[in-house]
Amino acid sequence: MSMPQDPITKIETAKKKKEIADTAFKTGDLQTALLSYHEAVMYLHGIDKNMLSAMSGAMGGARAPPLPDEETVETPGVQKEKDAQDQKELTEVDDLLSKIYSNQSACHMKKGNWKRALETAEKALSKNEKNYKAQFRKGKAQGELGYVEKALATLEDLLQKDDSDKAGISAEIARIK
């Protein structure tokens, strides 16, 4: 099977693989789900984010690349603002990877493979720190691995950031204690 080279085609193929995996997960076919999630990740790895930015600019509205000396200009407050914007910018690829890694974590949790559940939850959070499902899974996996203090810190931090599942988070905290 040859992999498409076009970044847009790769993203679309990865989305299809994710849909297959999501369906397999819902039916309890964890091996197929994990395989399809893995394939989706493989399509997304190596996509040049600069090229994606340029392509989205061609499709409508990204800013022009900086001039060679533009990055070195020191204007108080401006560089901090630019850095904050760069950190907040979540690409479509990062968002998709975060969801896929988080779903892989859920598969590993169902299989009782807590080490891999923790690893994939952390990968999800590295792509999107606001992926609260991944943070919950990270805390649960830490607790199952015996890292009680880390688990409690992770879950209590989550409770501060997102109280939409306050009951579930609180129940997990109580279970770990």
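Taking the range 108-152, which residues are part of a helix (DSSP H, G or I) and hydroxyl-bearing (Ser, Thr, Tyr)? Give the derivation first.
Here is the first cut: in the range 108-152, the ones part of a helix (DSSP H, G or I) are 108-111, 114-127, 132-144, 148-152.
THR120, SER126, TYR132 - these are the residues of the range 108-152 that are part of a helix (DSSP H, G or I) and hydroxyl-bearing (Ser, Thr, Tyr).
Sub-6 Å Cβ pairs linking a first residue in the range 153-175 that is in a helix (DSSP H, G or I) to a second residue that is small (Gly, Ala, Ser), at least 6 apart or interchain, are THR154/GLY139; LEU155/GLY139, ordered by first then second residue. For SER102, the conditions (1) in contact with a Gly (Cβ under 7 Å, 6 or more places away or on another chain); (2) crowded, with 21+ Cβ neighbours inside 10 Å are fulfilled apart from (1). Cβ separations smaller than 7 Å between residues 6+ apart or across chains give the following pairs from the range 120-147 residues that are within 15 Å of CYS107 (Cα to Cα) to residues that are in a loop (DSSP other than H, G, I, E, B) and open to solvent by less than 70 Å² (accessible area, probe 1.4 Å): ALA124/ASN131.
The values are calculated or read from the model by the stated rules, or taken from the named source; none is laboratory data. Remember, it's a predicted structure, so these values are computed and weren't measured experimentally. Because the Cβ atoms are built from the backbone with ideal geometry, glycine has one as well, and the counts that use them run over all protein chains shown. What goes into the accessible areas is simple: the full protein's heavy atoms, side chains included, and nothing from ligands, DNA or RNA. Shrake-Rupley method; radii C 1.70, N 1.55, O 1.52, S 1.80 Å.
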